[in-house]
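**Q** Below you will find the structure I want to go over with you.
The values are calculated or read from the model by the stated rules, or taken from the named source; none is laboratory data. Model, not experiment: these values are computed from the prediction. As a convention, Cβ positions derive from the backbone with ideal geometry for all residues, glycine included, and neighbour counts pool all protein chains shown. Each accessible area value is taken on the protein alone, full model and side chains, heavy atoms only, with ligands, DNA and RNA left out. Shrake-Rupley method; radii C 1.70, N 1.55, O 1.52, S 1.80 Å.
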Amino acid sequence: MLELHNYIAGEWSAPGVELPQQICNANTGEVLLQQRGSTPVQISTAIDAAVKVHREGTWRNLSGDERAAHMLRIGDAIEELIKDIASVDAITTGVPITHTQTLARVCGIAFRTAAKLSRESSSIRRETDFEIERLPLGPAAIIAPWNAPAGIACHKLASALAAGCPVLFKPSEWAPLSGQLITQAISKLDLPRGLFQLIHGDGMTGAALAGDPRVAAVSFTGGLEAGRAVAASCAHQIKPAQLELGGNNPLVILPDADLAPSVDGVVASLTTLNGQWCRALGRLIVHEDLHDDVVETVLHRLNSLVIGDSRDHETEMGPMVHRQHRDHVLAAISDYEQLGGTVHRAGTLPELAGWFLQPTLVTGVAPADALGEIFGPVATVHKFSNTDEAVSLANLAPYGLAAYVFGGQTNAYTVAKQIEAGMVKINSVTLFSPHPDAPRPAWKMSGMGEEGTRETFEFFRGSRVVGAPQGIPASAAAEQLQGTGT
Ligand code: NDP
């Protein structure tokens, strides 16, 4: 059986708490390793070490160029492990290897991008009688989910380090192995002890990190419930929290949409990362004239989807991450049935003992009963007769992460611009943003503290204005006061 190790203050050690759950191969149910958590002493020792690094200035006082050089070395070290990272993430999360390979490549890219930001983003702007510094906030807790564990973590880790913050990294205990590989790569480099630390554990460990006043900022990706807990402890300490939470994302098919690309979009948004994707389809909102054709064609397409072992390169959809999550998704489908829905399952399951289920559409559920996040390959289908109705259905959910609109360009743009979501894609469903520099915003209960290449980097920095401004003319002072809102 594999084992988990913390990396605290430059030393590897066993996490001191045995957790009740085990991590399995999602394809077969075979037990791989015991989940472990960190003791309060281990967590506190790690935070102390991060505070020490920050106070001593061995990282934060480096120039942008010096930090960039380290970031490139980290990127190189991680790139040597891409195959291993992709492999462990495919086995533990059930996401097909073709996707985990792409996401593993993002890890190295994240460090290269952060190196560029570190080099190019000035940390000081000097005026005649004052200066504005952009300074690292201090020890940062990075709390990552299991669904795309390596890619999501590396974006945050690289941004925090490039900004000058020591990092306390807690991966999800459902998919901790890629985080451990990333840490192994970083631990071989000559970096200050305590700059980068890995602290294994479940929500208790995450909560202890987020709630510790010595931690200056928290970047969290995960579900609403844990996000709320993190937000509450950060609110109590008035410290910055970046929260990327769930969604119940609509895909709208307008009457002038082409059937084939719309169906492609539905299948992709329903099954990418096995539907365990924050931007996955939750509600399919279809014009009444196209409804029956769309449902029938989507189910037909899903019937030929290759559902199988996530390690197989032919597999298009793998299993759910763990048994409880598979059961949660099945229970959500049953709930829809109880609410009067008709369940349409498609696809053939492999003869494997893992946590597989068929992608599913559910028709006939009232829109108001289909607003939560399921986080699996399940979507409800709703009809509309005019675009105002389509927009209000799309905006009904309390979430606002992603949306998709299929239709003629003009109509699709008009509808897209009325949808309350951070990212609205027109006639396309893709795993990544339209451009690496595009922010990845979240509206409503999908999060706060915008994510993005520059946005996440800047999240970890704060400003300090220092100087002895002299003799501001009265008219300029009045203008300034207006700007302050005093
Ligand atoms: P969870 O919220 O269960 O967990 C996320 C992380 O937080 C894990 O490391 C978890 O530990 C930890 N955690 C759990 N409880 C707490 C707590 N009280 N305080 C601090 N940390 C805690 O999410 P999942 O891992 O199940 O991931 C799926 C969710 O993530 C979905 O809702 C999805 O939409 C969202 N997500 C959002 C993205 C976005 O960009 N908006 C991207 C990807 C996912 P452990 O797992 O070890 O228990």
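**Q** Give me the count of lysine pairs in the chain whose alpha carbons sit under 26 angstrom apart, restricted to pairs 8 or more positions apart or on different chains.
**A** Going through the chain pair by pair, I get 26.
**Q** Starting from the Cα gyration tensor of segment 232-332, multiply each eigenvalue by 5, take the square root, and state the resulting semi-axes largest first in whole Å. Don't skip to the end; give the middle numbers.
**A** Values: eigenvalues 185, 91, 28 Å².
The answer is 30, 21, 12 Å, longest axis first.
**Q** Rg and Dmax of segment 183-285 over Cα atoms: what are they, in angstrom?
**A** 19.7, 60
**Q** While we're on this one: Taking amide H positions as placed in the peptide plane 1.01 Å from N, state which residues far from Gly447 in sequence (5 or more) or on other chains have amide H under 5 Å from it.
**A** Leu245
**Q** Something else: Output the Cα-based Rg and Dmax of the chain in Å, rounding Rg to one decimal and Dmax to a whole number.
**A** Cα radius of gyration and Dmax of the chain are 23.6, 80 Å respectively.
**Q** Can you give the Rg to Rh ratio of segment 359-469, both from alpha-carbon atoms, with Rh computed by the Kirkwood formula? Walk me through the numbers on the way to the answer.
**A** Numbers: Rg = 17.9 Å, Rh = 16.4 Å.
Over the Cα atoms of segment 359-469, Rg/Rh equals 1.09.
**Q** List the equivalent ellipsoid semi-axes of segment 89-173 in whole Å, largest first, each obtained as the square root of 5λ for an eigenvalue λ of the Cα gyration tensor. Working shown, then result.
**A** Working: eigenvalues 217, 41, 8 Å².
Semi-axes (√(5λ), whole Å): 33, 14, 6.
**Q** Can you compute the radius of gyration and Dmax for segment 1-102, using only the Cα atoms, both in Å?
**A** Final numbers for Rg and Dmax: 17.6, 49 Å.
**Q** ³J(HN,Hα) across segment 99-109 via Karplus (A = 6.51, B = -1.76, C = 1.60, θ = phi - 60°), whole Hz, x for Gly/Pro?
**A** 7, 5, 5, 4, 5, 5, 5, 4, 4, x, 4
**Q** If you take the alpha carbon radius of gyration of segment 111-151 and divide it by 2.2 N^0.38 Å, what ratio comes out, to two decimals? Write down the numbers at each step before the final one.
**A** Working: Rg = 15.7 Å, N = 41, 2.2 N^0.38 = 9.0 Å.
Ratio of Rg to 2.2 N^0.38 Å for segment 111-151: 1.74.
**Q** Would you kindly find the accessible area of Lys52, with a 1.4 Å probe and non-protein molecules such as ligands, DNA and RNA excluded, rounding to the nearest 10 Å²?
**A** 120
**Q** Can you give the angle from 0 to 90° between the axis of helix 177-187 and the longest principal axis of the chain, with both taken from C-alpha atoms, to the nearest 10?
**A** With rounding to tens, the tilt is 20 degrees.
**Q** Report the antiparallel proportion of the DSSP beta bridges in segment 249-426 as a percent, rounded to a multiple of 5. Display every interim value, and only then the final one.
**A** Values: 4 of 26 bridges.
So the antiparallel bridges in segment 249-426 amount to around 15 percent.
**Q** Would you mind checking which residues have amide H under 5 Å from Ala257's amide H? H placed 1.01 Å from N; only 5 or more apart, or other chain.
**A** Gly408
**Q** Let me ask you something else. Hey, could you get me the Stokes-Einstein D for segment 107-236, Kirkwood radius over alpha-carbon pairs, 4 °C and 1.567 mPa s, rounded to whole µm² s⁻¹?
**A** Working: Rh = 15.5 Å.
My calculation gives 84 µm²/s for D.
**Q** Here's another thing I want to ask about it. Regarding segment 249-426, what are the three Cα extents along the principal axes, ordered largest first, in Å?
**A** Dimensions of segment 249-426 along the principal axes of its Cα atoms: 47, 32, 29 Å.
**Q** A further question follows. With everything on Cα atoms, drop me the angle between helix 224-236 and the longest principal axis of the chain, reported from 0 to 90° to the nearest 10.
**A** Relative to the chain, helix 224-236 is tipped by roughly 20 degrees.
**Q** Which percentage, to the nearest 5, of the DSSP beta bridges contained in the chain is antiparallel? Provide the component values of the computation, followed by the final result.
**A** Details: 28 of 65 bridges.
Once the DSSP bridges in the chain are tallied, antiparallel ones form about 45 percent.
**Q** Please get the size of the charge dipole for the chain, origin at its Cα centre, with Cβ charges of +1 on Lys and Arg and -1 on Asp and Glu, quoted in debye to the nearest 20. It would help to have the intermediate numbers written out before the result.
**A** Numbers: 36 positive and 51 negative charges, 301 e Å.
Dipole size: approximately 1440 debye.
**Q** Rank Leu32, Leu270, Leu2 by accessible area, highest first, at a 1.4 Å probe radius? Spell out each step's value before the answer.
**A** Numbers: Leu32 30, Leu270 0, Leu2 95 Å².
I get Leu2, Leu32, Leu270, largest accessible area first.
**Q** Turning to a different aspect of this structure: What percentage of the solvent-accessible surface of the chain, computed with a 1.4 Å probe over protein heavy atoms, is contributed by carbon and sulfur atoms? Mind showing how you got there, number by number?
**A** On the way: 10690 of 20190 Å².
The nonpolar share, carbon plus sulfur, comes to 53 percent.
**Q** Going by the alpha-carbon gyration tensor, a ≥ b ≥ c the square roots of its eigenvalues, is segment 50-108 rounded (a/c under 1.5) or, if a/c is not under 1.5, prolate (a/b greater than b/c) versus oblate? If you can, show how the numbers build up before the last one.
**A** On the way: a/c = 4.16, a/b = 2.35, b/c = 1.77.
Cα axes put segment 50-108 in the prolate bin.
**Q** Quick query: amide H of Phe384 versus all other amide H atoms, modeled in the peptide plane; which residues come in under 5 Å with a sequence gap of 5 or more or a different chain?
**A** Sorted by chain and number, the residues that satisfy this are Val286, His287, Glu288.
**Q** Calculate how many DSSP beta bridges within segment 336-458 are antiparallel, expressed in % of all such bridges and rounded to the nearest 5.
**A** Of the beta bridges lying entirely in segment 336-458, close to 45 percent run antiparallel.
**Q** Okay, next question. Calculated from DSSP H runs of 4 or more alone, at -39500 (n - 2.57) each and per residue, what is the 222 nm mean residue ellipticity of the chain, nearest 500? Intermediate values should be presented prior to the final figure.
**A** Values: 15 runs with 192 residues, N = 486.
Dividing the helical sum by the residues of the chain leaves -12500 deg cm²/dmol.
**Q** List the Cys residues of the chain that have no partner Cys with a C-beta closer than 4.7 Å.
**A** Cys24, Cys165, Cys234, Cys278
**Q** Right, here's the next one. Of the chain, which part is the longest with no GluC sites (Glu not before Pro) in a loop (DSSP not H, G, I, E, B) and with at most 13 other C-beta atoms within 10 angstrom? Provide the component values of the computation, followed by the final result.
**A** Values: sites that count: Glu3, Glu30, Glu80, Glu127, Glu288, Glu314, Glu351.
Between the exposed loop sites, the longest stretch runs 128-287.
**Q** Between the helical axis of 291-303 and the dominant principal axis of the chain, each derived from Cα atoms, what acute angle in degrees is found, rounded to the nearest 10?
**A** 80
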